[in-house]
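Worksheet: the structure to be examined is printed underneath.
Every read-out reported here was derived from the displayed coordinates using simple, explicitly stated rules and does not represent laboratory data. This one's a predicted model, so the numbers in the text were calculated from it and none came from an experiment. All Cβ positions, glycine included, derive from the backbone under ideal geometry; neighbour counts span all protein chains shown.
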Amino acid sequence: MTADVHLEARIRDRTVDSALRRRAAAVVPGGMYGHLDMARLAGHPQYIHRARGARLWDVDGHEYVDLMGSWGPVVLGHHDPVVEAAADRQRALGDCLNGPAEIMVDLAELLVRVVGHADWALFAKNGTDATTMCCTIARAATGRRLVLVAEGAYHGAAPWCSPNPAGTTGEDRANLRYYRYNDLDSLRAAVEDCADDLAAVIVSPFRHDAGYDEELADPDFARGARALCDTTGAALVLDDVRAGFRLHHGSSWEPLGVRPDLAAWSKAIANGHPLAAVTGGDGWREAAGSIFVTGSFWMGAVAMAAAHATVTELGRRHAVEHMVQVGDALRAGVLDSAGRWGVEVSYTGPVQMPNLLFADDPDRRLVRAFCDEALARGVYVHPQHNWFVSAATTTADLDMALTGLDGAFAAVRGRARR
Ligand code: PMP
C-alpha cells in the first residue's frame with residue numbers, strides 16, 4: 001500500500017464522521033464554524049469521540065497521539081485524574097449558583113501567589129473576554145482611547161479583534177493602532193503617534209501568528225515596551241491566552257524580567273474546563289473594580305475548581321520542564337526525519353508550542369499534505385496553527401508521534417523541495 005493509498009483509505013473509512021457532517025450541514029451554518037472547522041482539510045476528522053492523556057479517538061474509532069491539545073487548553077493531558085476529581089467534588093456541591101463559590105477566592109489567591117505581577121484576578125469564560133476586559137480596564141484607568149496591537153496578531157474573535165472583517169465595522173477598530181512585533185522602533189513611533197491618547201499596548205509573549213514562523217520575544221523589545229508604557233502611563237497588556245502556563249509557571253515574560261500591568265489568560269488555565277482570567281497589579285485595581293463586566297456562566301465553580309487543581313498540579317509536576325523535554329525530543333526527531341528524507345522545513349518557536357512550515361510552500365499545500373499524512377498515521381497535528389505538547393506525553397506517545405511524522409515526511413518527500 002503506498003502512502004497516498006493509506007491516506008485515501010483512512011478518508012474512506014469515515015462513515016460516522018461523514019454522516020455527522022451531513023446532519024450538521026442542515027442545522028449548523030456552514031456545517032461548522034470557527035477555528036475547529038475542518039472542512040478545508042482532507043485528513044482531519046471533524047468529530048472526536050473521546051480522549052485520555054495524550055491520545056484521542058475520532059468518532060470512527062481511529063486513535064491519534066494528540067499534538068494539538070484542543071488548540072491549547074489541554075496542558076496536563078485529557079481527563080487528568082487530579083483535575084477531574086477536583087471538578088467532580090465541586091460539581092457535587094454546585095456549579096452555576098446565585099453567587100460565586102468559595103473556590104473563586106481560593107483561585108484568585110492562588111493566581112496572586114503564582115503570577116509575579118498579580119495583586120488581583122477577575123474571571124470570565126473565553127480568552128476574548130479577557131483581552132477585551134484588559135482594554136476596558138486600561139481605558140477606564142487612563143481615560144484614553146487608543147490601543148496598540150501588533151500587526152497580524154490574534155487577540156480573539158470579538159469585532160474589535162476578529163481577523164475576519166465579515167460583520168464588523170471600521171468603527172469597531174477605530175481605536176486601534178498598529179506596530180510590528182519585536183520592532184521597538186515601530187512601537188516607539190506608534191506610541192508617539194498616539195500622543196496623549198494611548199490607553200494600552202497589547203502584546204503576546206512571543207509572535208505566534210497563524211501560518212507564519214514563530215518568533216521568540218527579543219528581551220530588549222519586551223523591556224522597551226515596558227519602558228514606553230512606564231513613560232506614557234499606558235497599560236502594558238500581556239495576552240497570555242495561548243502561551244500562559246506553557247512557557248513558565250507564572251506570567252510568560254517573568255523569565256525576561258518584564259512584568260505587564262494586566263494579563264489575559266484562558267486556554268491552559270483549567271486543563272480544558274471553560275475559564276478565563278485577567279490578572280493585574282495594584283495600580284490597576286480601582287479601574288478593574290469600576291467597570292461592569294459579567295456573564296451568565298462566568299462564576300461556574302467547576303471550572304474554577306479545575307483551574308485551582310490545574311495551576312497547582314502544573315507546579316507540583318514541574319509540567320513546563322516536562323513539556324520542554326518532550327518538545328526538545330519532538331523537535332530533534334522531526335528535524336532528523338526531515339533531513340533524512342531530504343525535505344527542507346522551518347520548525348520555530350518554543351519547543352512546547354512549535355510551528356512547522358515547509359520551504360517553498362507559499363500556499364501551504366505541502367504542509368497540509370504532510371499533516372494529512374500524519375493524521376492517517378495516527379498523529380493529530382494542524383497545518384495552519386502551532387502545535388501544543390502536553391505534559392501527559394509519554395515515551396510511547398512520543399515514539400508513536402515520531403514514527404507517524406517520519407512516515408508523513410516519506411509520503412510527501414517527492415512533492416517537497418530537496
Ligand atoms: N488571544 C490569543 C493569543 C489566542 O490564541 C486566543 C485563542 N486562540 C485568544 C486570544 C482568544 O481566546 P478565545 O478563543 O478563548 O476567546
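What the table below lists for this structure:
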| read-out | value |
| --- | --- |
| Estimated FRET transfer efficiency when R0 is 35 angstrom, pair A42-A396 (beta carbons, to 0.05) | 0.80 |
| Cα point-scatterer Debye curve for segment 1-102, base-10 log of I(q)/I(0) at q = 0.24 Å⁻¹ | -1.25 |
| Within segment 146-236, GluC sites (Glu not before Pro) in DSSP loop having at most 16 other beta-carbon neighbours inside 10 Å | E151 |
| Hypothetical label at A158: residues of segment 109-125 whose amide nitrogen lies under 13 Å (7 Å Cα-Cβ projection) | 124-125 |
| Principal axes of segment 81-316: Cα extent on each, largest first, Å | 54, 36, 34 |
| Relative packing of peptides 283-295, 305-317 - highest average C-beta neighbours within 10 Å first | 305-317, 283-295 |
| The chain - share of DSSP beta bridges that are antiparallel (%, nearest 5) | 60 |
| Rule-of-thumb Rg ratio for the chain [Cα; 2.2 N^0.38 Å; N residues] | 0.99 |
| Under-5 Å amide H pairs with H49, H placed in peptide plane, nonlocal only | W57, D58, V59 |
| Set of segment 45-60 residues, backbone N closer than 14 Å to the point 7 Å along the Cα-Cβ line of A19 | 59-60 |
| For L148, distant residues with modelled amide H under 5 Å away | R177, A200, V201, I202 |
| FRET efficiency for A195 and T403, using Cβ-Cβ distance with R0 set to 60 Å, rounded to 0.05 | 0.55 |
| Rg followed by Dmax, in Å, when segment 36-174 is reduced to its Cα trace | 19.5, 55 |
| Listed residues R259, R246, R188, most fluctuating in the chain (Gaussian network, C-alpha, under 10 Å) | R188 |
| Vicinal HN-Hα couplings computed from phi for segment 313-319 (Karplus, 6.51 cos²θ - 1.76 cosθ + 1.60; Hz; Gly/Pro x) | 5, 4, x, 4, 8, 6, 5 |
| By average C-beta atoms within 10 angstrom, highest first, the peptides 20-29, 404-413 | 404-413, 20-29 |
| Distance from segment 333-405 to segment 156-197 (C-alpha centre basis), Å | 32 |
